[in-house]
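Remarks on the structure that follows.
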Amino acid sequence: MVCVSLDSTRPELTGLNFVLDKLEVRLAATDSFRLAESVVTLIKDNPQSYDLFIEKTNSIIVPLSTISEVLRVINPETQDIKIGIEESQIFFQIDNVRIVSRLINGKYPPYQQIIPESFTTRVLLAKDEVLRAVKIAGIFTHSKAGEVKFTVDGELSQVHVQSKAEEVGENKTVLSAEIEGPSQEALFNPRYMADGLQAISTSNLVLLMNSGSSPAVLRMVQGEKKEELLNYTYIIMPIKN
């Protein structure tokens with residue numbers, strides 16, 4: 001939800017995009033600077049009706065206010081959320097609460113085109129360590145739109161997270177990492193990076209990069225082999241010098 005745009009001049013970005021497939025739903029949000037996508041498995045009450053619907057419409061946009069209300073109603077005991085969709089409306093049934101909302105008119109941009117298909121550098125990091133480093137570095141930026149420098153050193157198996165502001169000072173944290181591929185260097189908005197890291201629920205994650213000017217990706221990993229989980233993808237655009 002942190003990626004949903006607040007820019008009213010582009011109303012199609014002010015909601016959460018539901019991309020409907022036969023077996024799953026992709027939930028996506030972007031404000032043009034970062035993008036988050038979650039994949040949720042479907043259980044269909046009426047498969048035939050659902051399949052007919054997605055033949056006509058496989059992408060809808062749900063207002064941010066509606067999603068906020070749904071999240072407010074969900075509690076730790078909630079097991080399933082039932083969703084019904086019509087051409088201009090959506091409803092959520094959560095336990096004994098029913099939420100009905102109009103959909104946002106418009107066409108969501110084809111966001112999947114900006115997700116790189118492959119990466120030259122893969123960096124395995126401990127989530128809590130890199131999140132702490134980013135938050136500390138954010139204090140040493142000159143504004144809310146400041147920048148934090150990530151230096152991926154493949155030879156030393158380290159990631160340096162650093163920032164500098166004349167009126168505040170400078171900070172540098174060195175993190176141990178498992179790195180595959182060439183060294184990289186990129187500048188990121190610390191708030192955008194922290195938002196993506198906080199949404200990760202596993203203790204380890206991978207940072208995937210191609211260059212300091214192309215989108216970087218955060219994904220969760222699990223197991224001894226640290227395999228990537230594709231049910232959550234966070235894309236962040238680097239700040240160009």
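The values are calculated or read from the model by the stated rules, or taken from the named source; none is laboratory data. In this text, all values refer to a predicted model and were calculated from it rather than measured experimentally. Cβ atoms come from the backbone with ideal geometry, glycine included; neighbour counts cover every protein chain shown.
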Practice item. Just name the residue that is surrounded by the most Cβ atoms within 10 Å (Cβ to Cβ) out of those in the range 27-42 that are in a strand (DSSP E or B), of a type outside the set (A, V, I, L, M) and under 12 Å from the mean Cα position of the chain (by Cα). Key: R34
Revision key, fill the gap. Residue hits (the range 63-104; over 21 Å from the mean Cα position of the chain (by Cα) and among the basic types (K, R)) are K82, R98, R102
Point to revise | Which numbered condition Q198 misses (of (1) of a type outside the set (G, A, S); (2) in contact (Cβ under 8 Å) with a residue 40 or more places away in the chain; (3) more than 15 Å from L131 (Cα to Cα)) | key: (3)
Review point. A177 passes all but one of (1) modelled with pLDDT under 95; (2) surrounded by 14 or more Cβ atoms within 10 Å (Cβ to Cβ); (3) of a type in the set (G, A, S); which number fails?
Key: (1)
Point to revise | Of all residues making up the range 184-201, the number that are among the hydroxyl-bearing types (S, T, Y) and surrounded by 15 or more Cβ atoms within 10 Å (Cβ to Cβ) | key: 1
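Residue-wise test of (1) outside the structural domain of N189 (by TED's automatic domain parsing); (2) in contact with a Pro (Cβ under 8 Å, 6 or more places away or on another chain); (3) within 30 Å of G223 (Cα to Cα).
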{"position": "I94", "(1), (2), (3)": "yes, no, no"}
{"position": "V100", "(1), (2), (3)": "yes, no, no"}
{"position": "G106", "(1), (2), (3)": "yes, yes, no"}
{"position": "E129", "(1), (2), (3)": "no, no, yes"}
{"position": "T141", "(1), (2), (3)": "no, yes, no"}
{"position": "V152", "(1), (2), (3)": "no, no, yes"}
{"position": "V159", "(1), (2), (3)": "no, no, yes"}
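Considering each of S32, S8 in turn, give the residue that is without any contact (Cβ under 8 Å) to a residue 24 or more places away in the chain, among the hydroxyl-bearing types (S, T, Y) and over 18 Å from A199 (Cβ atoms).
Checking each option against the conditions leaves just S8.
Filter the range 54-74 for residues that are outside any helix (DSSP H, G or I) and either under 14 Å from N17 (Cα atoms) or touching an Asp or Glu at 6+ places or on another chain (Cβ under 8 Å) (or both) and give the result.
Start the filter on the range 54-74 by keeping residues that are outside any helix (DSSP H, G or I), which leaves 57-63, 74.
Passing the criteria: T57, N58, S59, I60, I61, V62, P63.
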Point to revise | the range 77-106, residues that are modelled with pLDDT under 95 and part of a loop (DSSP other than H, G, I, E, B) | key: E77, T78, Q79, D80, I81, E86, E87, S88, D95, N96, N105, G106
Revision key, fill the gap. The correct count of residues that are under 20 Å from A28 (Cβ atoms), assigned to a strand (DSSP E or B) and either at pLDDT below 95 or not charged (D, E, K, R) (or both) in the range 208-241 is 14
Review point. Is there any pair linking a residue in the range 66-89 that is within 14 Å of L27 (Cβ to Cβ) to one that is small (G, A, S), with Cβ under 6 Å and at least six apart or on different chains, and which?
Key: T66/S101
Exercise for review: Within the range 87-143, track down each residue that is surrounded by 14 or more Cβ atoms within 10 Å (Cβ to Cβ), among the hydroxyl-bearing types (S, T, Y), within 25 Å of E55 (Cβ to Cβ) and touching a Leu at 6+ places or on another chain (Cβ under 9 Å).
Suggested key: Y108, Y111
Study note, to complete from the structure: Flagged in the range 8-27 as within 16 Å of N105 (Cα to Cα) and among the hydrophobic types (A, V, I, L, M, F, W, C), in numbering order, are L13, L16, F18, V19
Exercise for review: Please give the number of the condition D51 fails out of (1) in a helix (DSSP H, G or I); (2) among the acidic types (D, E); (3) closer than 23 Å to G196 by Cβ.
Suggested key: (3)
